[in-house]
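So the structure is just underneath, and the comments pick up after that.
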Amino acid sequence: MAQSNTQEFYGKDSDNIDMTNADTVTHQPKGAEAASPENGHGVPTLVTSHEANPVLERDAQTKGTWAGYVKTKQFWIAMLLGQTLAICITSTNTLSQLLSNEGTSIPAFQSFFNYVLLNLVYTSYTIYKLGFKGWGKIMLKDGWRFFILAFIDVEGNYFIVLAYRYTTLLSAQLINFWAIVVVVILSFLFLRVRYRWTQIAGILLCIGGVGVLFGSDHITGFNQFDAIDPVKGDLFALLGASLYGISNTFEEFLVSEQPLYVVIGQLGFWGMFINGTQAGIFDRTSFRAATWNGAVGGYLTGYTLILSLFYSLAPILFRLTSAAFFNISLLTGNFWGVAIGIKVFHYHIHWMYPIAFVLILVGQVIYFLRQGSLAEQKKPWLGEDQDKGVSGIGTAKRRVENPDAIV
């Protein structure tokens, strides 16, 4: 059982935690080289140099070449995962709209159940793997970092919801582009990420695609509503987008060094208390005035399950790619929102929508067009051989240790 080895679970080597072949690393003596898969005779072979590892060697050979990463399976998995997350966030927005149509508007309170579910699932699993002593070490050593992550995440959600109350949907969504800018700046300054011109071009093309969506909305009059207080709403949206950018960058850093279940569990644990306190303060009146029926219960259940799925999958995309790609992946949300709205709200897709969707996807391809076979899976802050990171699902270190691993 995991409880018998708690003395090395946390600290500098805290990523050396088994996660049933998903987040798996092994302790090694100081200075020892990482072990590669077995050589066919049941005996592990040792990786003694950068060149000896086929994964790192292939990455070095393909770095800067055209379509080095686009030809890999990891690229298509990242693209699919990005669109899955875009559909998830669009689905939660649709369910929020359905709740509002029923007369139930409790933005802070409805997210509370998401944090509760994440805490129940991932904190329970953390305790199962590490024991109460190991979990306690997490709380004592790094609890403050996870508290900050949860606080920023909760407040980002809160201020974006407030923005939609005061300003137009178009204005708030335009300001959300600021989250991409924040991520790029923070990653450059603090995570030593260096962007190629193709990545910048890809981001700009994705933003241009969303501009086509907004142009279509303007032509058709879709999503055009009067703003109650545009200045206040725009400031809330700007603050919310900034917090989103900070939390995305911070979470990418944390999941590269810690097992997924630890990060998500801690986010759920602290988020539950922060969001619960905030909901108790600001949503009491709305909660009492809300409509409660079977439909509302179903919408809340669906909202919680889908949002929890989003929070579970997002860290994998952070590992496979980056917080920047995560944000440009979500730009297709407008298209998916209208696609879902055709069935739910009887919307009609304007002819410009498919063009915008294709532009965003092409921008995402261009973003990766001149990257090596590991692309952003290889994090610059983890060292050349990624030895400072955790070996888990979606990490470059896992592929270095097991060249046959897909993610």
Q: Among the residues of the range 306-344, count how many are in contact with a helix residue (DSSP H, G or I) (Cβ under 9 Å, 6 or more places away or on another chain) and without any contact (Cβ under 8 Å) to a residue 12 or more places away in the chain.
A: 1
Q. Restricting attention to the range 270-282, does a residue exist that is closer than 29 Å to Ile180 by Cβ, touching a Ser or Thr at 6+ places or on another chain (Cβ under 6 Å) and among the aliphatic types (A, V, I, L, M)?
A. no
(Q) Just to be sure I understand the filter: pairs with C-beta atoms under 8 Å, separated by 6 or more residues or on different chains, first member in the range 200-225 and within 20 Å of Ile185 (Cα to Cα), second member aromatic (Phe, Trp, Tyr) and at pLDDT below 90. Which pairs pass? (A) Ile207/Phe177
Q: Go through Thr72, Thr84 for me and flag whichever is among the hydroxyl-bearing types (Ser, Thr, Tyr) and buried (at least 18 other Cβ atoms within 10 Å of the Cβ).
A: Thr72
(Q) If Ile89 meets every condition in (1) touching a residue at least 40 places away in the same chain (Cβ under 8 Å); (2) out of contact with any Leu (no Cβ under 7 Å at 6 or more places or on another chain); (3) of a type outside the set (Lys, Arg) apart from one, which number is that one? (A) (2)
Q.
Looking at (1) farther than 17 Å from Asp404 by Cα; (2) in a loop (DSSP other than H, G, I, E, B); (3) at pLDDT 90 or above; (4) not small (Gly, Ala, Ser), which one does Met79 not meet, given that it meets all the others?
A. (2)
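Somewhere in the range 276-295, is a residue among the β-branched types (Val, Ile, Thr), part of a helix (DSSP H, G or I) and touching a residue at least 24 places away in the same chain (Cβ under 8 Å)?
no
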Q. Restricting attention to the range 118-125, does a residue exist that is under 26 Å from Gly337 (Cα atoms), at pLDDT 95 or above and buried (at least 18 other Cβ atoms within 10 Å of the Cβ)?
A. yes
Q. Considering the range 261-295 alone, what residues qualify as being polar (S, T, N, Q) and over 29 Å from Gly134 (Cα atoms)?
A. Gln278, Thr285, Ser286, Thr291, Asn293
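Among the residues of the range 161-172, is there at least one that is surrounded by 22 or more Cβ atoms within 10 Å (Cβ to Cβ), of a type in the set (Ser, Thr, Tyr), assigned to a loop (DSSP other than H, G, I, E, B) and at pLDDT below 95? Even if it seems obvious, please write down each step before you answer.
So the first thing to find is which residues in the range 161-172 are surrounded by 22 or more Cβ atoms within 10 Å (Cβ to Cβ), and the list is 163, 167, 172.
Restricting the remaining residues to those that are of a type in the set (Ser, Thr, Tyr) gives 167.
Checking which are assigned to a loop (DSSP other than H, G, I, E, B) leaves us with 167.
Subsequent filtering for residues that are at pLDDT below 95 retains 167.
Among the residues of the range 161-172, at least one is surrounded by 22 or more Cβ atoms within 10 Å (Cβ to Cβ), of a type in the set (Ser, Thr, Tyr), assigned to a loop (DSSP other than H, G, I, E, B) and at pLDDT below 95, which makes the answer yes.
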**Q.** Out of Ser256, Ser187, Ser216, sole residue that is modelled with pLDDT under 95 and assigned to a helix (DSSP H, G or I)
**A.** Ser216
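State all residues of the range 53-69 that are surrounded by fewer than 18 Cβ atoms within 10 Å (Cβ to Cβ) and at negative phi; if no residue qualifies, say none.
Passing the criteria: Pro54, Glu57, Arg58, Ala60, Gln61, Lys63, Thr65, Trp66.
The values are calculated or read from the model by the stated rules, or taken from the named source; none is laboratory data. Owing to the predicted nature of the structure, the values given are computational and were not obtained by experimental measurement. In this analysis, Cβ positions are derived from the backbone assuming ideal geometry, glycine residues included, and neighbour counts consider all displayed protein chains.
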